[in-house]
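Working notes for the structure below.
Nothing in this text is a laboratory measurement; each read-out follows from the coordinates by a stated rule. All figures in this text were calculated on a predicted structure; none of them were measured in a lab. With ideal geometry, Cβ positions are generated from the backbone for all residues, glycine too; neighbour counts draw on all protein chains shown.
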Amino acid sequence: MYEYIIYVAFALLALGVLALFAYSVLNIAHHPNSNVENASVGGVVLIGPIPLVFGSDNNSLVFAEVLALILTLLAILLYLLAKR
């Protein structure tokens, strides 16, 4: 009945990966001599509704924590809406 949701999910995932790749390529093209020493990295891995947060400095860690909170609340909200 809701098979199209799977196709939409995979399409959004592919679109996100392509957007990250395009951003990386465009960023390197516009700043070929940029200094990599000032780069900071942070991210969120969701295993079910449980977020795992990592970051290389305090600013990226705070950003990743806020992102984890938003994604966790969104996952819980979608779960509750799906149960209706």
Classify the chain: rounded, prolate or oblate, from the alpha-carbon gyration tensor (a ≥ b ≥ c, eigenvalue square roots; a/c under 1.5 rounded; otherwise prolate if a/b is larger than b/c)?
-> oblate
Nearest 10 degrees, 0 to 90: helix 58-83 Cα axis against the chain principal axis | 20 degrees
What's the extension gain from residue 54 to residue 71 if we count 0.36 nm per residue and subtract their Cα-Cα distance?
-> 4.6 nm
Only helices counted: for the chain, with every DSSP H run of 4 or more residues adding -39500 (n - 2.57) and the sum spread over all residues, [θ] at 222 nm is -23000 deg cm²/dmol
How would you order 46-52, 77-83 from highest to lowest mean count of nearby Cβ atoms within 10 Å?
-> 46-52, 77-83
